[in-house]
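**Student:** Would you mind keeping the following structure in view while I ask a few things?
All of the numbers you see were taken from the coordinates with simple rules; none came from a lab. Quantities reported herein were computed from a predicted structural model and do not represent experimental measurements. Using ideal geometry, Cβ is built from the backbone for each residue, glycine included, and neighbour counts are taken over all protein chains shown.
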Amino acid sequence: MTSLDHLSPLGPSILPGLPGLPGARRRRASPFATAALAAAALLACACDAAILPSDSGQDAMSELTLAARSDLSAETAAANPAAWAPLAAPAAYGASPVSGFADLHFHMMSEAAFGGGWLHGKHDGPGALDDCDGGMPESDHARVRQDLSGLLASCPQSTMLDFASNGALSALLGIGGGVLGSEAIGKTEGTQGDTGLHLQRKRLSEGWPRWDTIAHQQGHVSWLRSAHDRGLSLIVMSAVSYDWLCSILPEQNRERACDEMADVDLQLQMTHALVARNAGWMEIALSPAHARQIVGAGKLAVVLSIEASHLFGRDVDAARMRAQLDKYHALGVRTLQPVHQVDNAFSGAALHNPIFQFAQYTETCFIDTDCGATLAGVTLGMDVDASCNNMRGLTPLGEQLVGEMMDRGMLIDVAHMSERGVDRVFDLARARDYYPMYVSHGHFREIMGPKVAETEKSTPARVIRMLRQTGGMFGLRTAHDETKQFTRSSVENSCQGSSRSFAQAYDYGRLGLKVPMAFGADLNGFIQQTRPRFGEDGACSAAFQAEADCQAWEQREQGPGPLGTEFDEKGLAHEGMLPDLVADLERLGVDTAGLRSSTESFLRMWERAAGPRAGMADPAADMDEGGVAPFVPAEERELAYPTKCGAAYCPGFQELGGSCRFDEECESGQCTAVACNAIPGRCVCNDDADCDDSVAYCALKTPGIGGDNECVPDKGDHAVCTRDGQCASGRCGGLIAGAGWCYTPGSKAIGQGCRVNEECPSNRCGDLTQTCLCRSDAHCGASQFCGWGTNEGECVNKRGRGAACTKDNQCQSGNCRFLFCR
């Protein structure tokens, strides 16, 4: 047998069936140990094509299962009791409600997706979060091949296509497409992204992860632990890959050949290994009762899923489908998506990103002219109707797959499935007493802006009705996309793409559609996340820069204020920030009770799948799709803003130090840039009121350069000043030729140093002595008098009996007779 050590993060000690394990002792194998061994053997072999080729069937699996029952296997399992989670569900436990929220779509092991050629960073282990190379030449991540024009070679009619109407595809397929395409992939409103050349994003924490990360790790185990410690109690860990995406990556970046299911197998193995290393706080859940036990014990329940575009391989029939389903069920998989980015043997895919339509085209060479989803008037790869919906629904083999999943009590995830496919799954679910179906990650169509709402992948209310009637639920995407205002929400949608926009969708689902929801974050999923409400890194997106600038200003000025965590300026950067998103929603006034109990909702759905069921779960008669404000196109909104230099701008949105193009963009009204010049300036103060005038004043930073002003700390007493505003005391006196000194009125005692009369209680500062002088005895203490002559202006101690005197006030007795004190 070929060594599998290289596939295991834990080395040879966790791979059952390998001889020579240190410290092994022979003992009777428990049922759990035998099940663990069977699963490990299956998984190990699935990760090595030389052992279990892609066309291996049930016979190979049976041999592995039999081998798992041998004495050697039992010994191996006994020697490594924590190596794998048990893959036979434990006995039922009490069904008391559990606490915590759930994330229904998490790609924690995406470093192993796409042949390992895209993502920088690892989920665990040494060097997992090392700085990246910033996309320098020969970079090992975040880029596509230099020349992708060959993708068109297999379809002769490609010469008739005009890709100019789609900027992303045009960049990918043009001359130097690998360079331009790599840059374009991560670019969106407010950010250049972290793909292609990204030198400014190379350092951990400074450059990644943050909301716009699509090529750097977002699922490190420490972040997952942080989320769990703050309320996350269940995740659906989805093993993901797509061989077409793998194929467009540089060959030298890939760690292995492009094979979706091999990537899936490796990710499942990595998940088992991770859980074994962290058994004190996480466990793979194999049934709803088991999940209740896990969460009830204070651990994180991990539910395994699969998201592959060519599920079970490209050449699959009913026998292979059942064998593969058995295999993955034995490995702990309890839910999966029948379809992902493109049509496969089981179903048509929901259209969304034109890149995936092009990917389908490279397989089928099919061109549809019923609608223009990909290019002007053209949809590539898929047969669509006039609404740009896929004509392909659930196939006969797909119907068998759904039935087999129901037989095994597996949860049916219809995310990415065409609407015709979802309709047919619902038919099958009704026939099985309304077997639950759910969407692990999606958008509510009616609340989204046109960019998302006009794609088939968004979920219409009629599908939500299906989910409710079958007892399913919805994983709400934590995306940055433009969202409409839900008028019944208490939250104003005044920072597009942030938690304010998520609140619109969540409240629409809670108050309107009334569907159980959880997060469907899709972290590490090649997708951008919830934007921050504060900071300079893409806070608030809107559809044009002026609107984004004004919305960001509103967050600063009108609040509510920041949480005081990294989420404030990074947005949803990684799995560990999901609790911060919940906290920010609550800060905005959102009722998150349903979200915080979403693990319970998931388990109830799973329990319904396990049966028994008695008809419809919920008639969903109380759904209300109203309350969604009309969408105002960006062109109309932009007309409401003033313009300068040929573009709309937000007046006075930039604080001191912020980047600006002209004076009107600054809150202070003063920008160092030459107006309408390509080189930006920065906002500076124009007068003291622009600074925190309790501690600073506005000063000319560079004499001779107009407008180069700077807020500087106020000056202390006796510092040179030209006006009151420069002084901490607010007083500048003794001006001679326009210059004087800062002082605090009445702050000096007689005899102390001074610069101006007002500092002294006597209002007299000696010109020569520069000390405070008295004018009368009242300015001195009870035992002193105000001197004259050589002691003029000084407080002098009164004299005793017999001392020379000239006045009564000079004597302690108050009596001066014949020039002597009596």
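**Student:** Using Cα pairs closer than 8 Å and at least 6 residues apart in sequence, work out the relative contact order for the chain, in percent.
**Tutor:** Computed value for the chain: 9 percent relative contact order.
**Student:** Still on this model: Per 0.36 nm of contour for each residue apart, how much would the distance between ASP229 and SER490 grow if the chain were fully extended, relative to their Cα-Cα spacing?
**Tutor:** 91.1 nm
**Student:** If you don't mind, there's one more thing I want to ask. Provide the descending list of Cα extents for the chain along its principal axes, expressed in whole angstroms.
**Tutor:** Rounded to whole Å, the extents work out to 134, 70, 57 Å.
**Student:** Moving on. Lys and Arg at +1, Asp and Glu at -1: add these up for the other residues within a Cβ distance under 10 Å of ALA543 and post the number.
**Tutor:** With Lys, Arg at +1 and Asp, Glu at -1, the net is -3.
**Student:** Using 1/(1 + (r/R0)^6) with R0 = 60 angstrom and r between the beta carbons of ALA678 and PHE820, what's the FRET efficiency to the nearest 0.05?
**Tutor:** Efficiency at R0 = 60 Å is approximately 0.10.
**Student:** State, to one decimal in nm, how far the label point of ASP130 lies from the label point of THR790, with both points 7 Å from Cα in the Cβ direction.
**Tutor:** 8.3 nm
**Student:** Return P(r) of segment 706-760 (all Cα-Cα pairs; 10 Å bins starting at 0; whole %; ordered from short to long distances).
**Tutor:** 28, 47, 20, 5, 1
**Student:** Over the Cα atoms, compute the radius of gyration (one decimal) and Dmax (the largest Cα-Cα distance, rounded to a whole number) for segment 642-713, in Å.
**Tutor:** 12.2, 39
**Student:** Along Cα→Cβ, 7 Å out, is where each label goes; now give me the distance between the ones at THR769 and CYS645 in nm to one decimal.
**Tutor:** 6.1 nm
**Student:** Something else about it: Over all directions, how big on average is the projection of the convex hull of the alpha-carbon atoms in segment 484-626, in square nanometres?
**Tutor:** One quarter of the hull surface, i.e. the mean projection, equals 10.0 nm².
**Student:** What's the magnitude of the charge dipole for the chain around its Cα centre, counting Lys and Arg as +1 and Asp and Glu as -1 at the beta-carbon? Answer in Debye, nearest 20.
**Tutor:** 3060 debye
**Student:** Could I ask something else about it? Using Stokes-Einstein with the Kirkwood hydrodynamic radius over Cα pairs, what translational diffusion coefficient do you get for segment 373-501 at 20 °C and a viscosity of 1.002 mPa s, in µm²/s rounded to a whole number?
**Tutor:** After rounding, the answer is 133 µm²/s.
**Student:** Which FRET efficiency, nearest 0.05, do GLU255 and ASP315 yield, Cβ-Cβ r, R0 30 Å?
**Tutor:** About 0.75, to the nearest 0.05.
**Student:** Can you tell me the dipole magnitude for segment 722-822 around its Cα centre, using point charges on the Cβ only (Lys, Arg +1; Asp, Glu -1), in Debye to the nearest 20?
**Tutor:** The dipole of segment 722-822 has a size of about 380 debye.
**Student:** Please report the net charge: other residues with Cβ closer than 14 Å to the Cβ of THR362, K and R +1, D and E -1.
**Tutor:** Residues close to THR362 contribute a combined charge of -1.
**Student:** Go through ALA689, TYR649, ASN677 and say which Cα lies farthest out towards the positive end of the charge dipole of segment 642-713; charges sit on Cβ, +1 for Lys and Arg, -1 for Asp and Glu.
**Tutor:** After comparing all options, I get ASN677.
**Student:** Can you tell me the length gained on complete extension of the stretch GLN146 to PHE631, counting 0.36 nm per residue apart and subtracting the Cα distance?
**Tutor:** Here the segment from GLN146 to PHE631 would lengthen by 170.6 nm.
**Student:** Students often get this wrong, so check it: of LYS202/LYS514; LYS484/LYS644; LYS299/LYS457; LYS202/LYS484; LYS457/LYS514; LYS187/LYS299, which have C-alpha atoms separated by over 31 Å?
**Tutor:** LYS202/LYS514; LYS299/LYS457; LYS202/LYS484; LYS187/LYS299
**Student:** Continuing with the same structure: Gap in Å between the Cα centre of segment 369-429 and the Cα centre of segment 462-530?
**Tutor:** A separation of 22 Å, based on Cα centres.
**Student:** Using 1/(1 + (r/R0)^6) with R0 = 22 angstrom and r between the beta carbons of SER783 and HIS718, what's the FRET efficiency to the nearest 0.05?
**Tutor:** 0.15
**Student:** Per-residue ellipticity at 222 nm for the chain, helices alone: DSSP H runs ≥ 4 residues times -39500 (n - 2.57), over residue total, nearest 500 deg cm²/dmol?
**Tutor:** Calculated at 222 nm, the ellipticity per residue is -7500 deg cm²/dmol.
**Student:** Quick one: length gained pulling SER165 to GLN812 fully straight, 0.36 nm per residue minus the C-alpha distance?
**Tutor:** 222.6 nm
**Student:** Summing Lys, Arg as +1 and Asp, Glu as -1, what charge do residues with Cβ under 14 Å from the Cβ of LEU578 carry, LEU578 excluded?
**Tutor:** -3
**Student:** Determine Rg/Rh for segment 363-436; Rg is computed over alpha-carbon atoms and Rh is the Kirkwood hydrodynamic estimate from the same atoms.
**Tutor:** Ratio of gyration radius to Kirkwood radius for segment 363-436: 1.10.
**Student:** For segment 704-822, what is the Kirkwood estimate of the hydrodynamic radius, computed as the reciprocal of the mean inverse distance between distinct Cα atoms, to one decimal in Å?
**Tutor:** 16.4 Å is the Kirkwood radius here.
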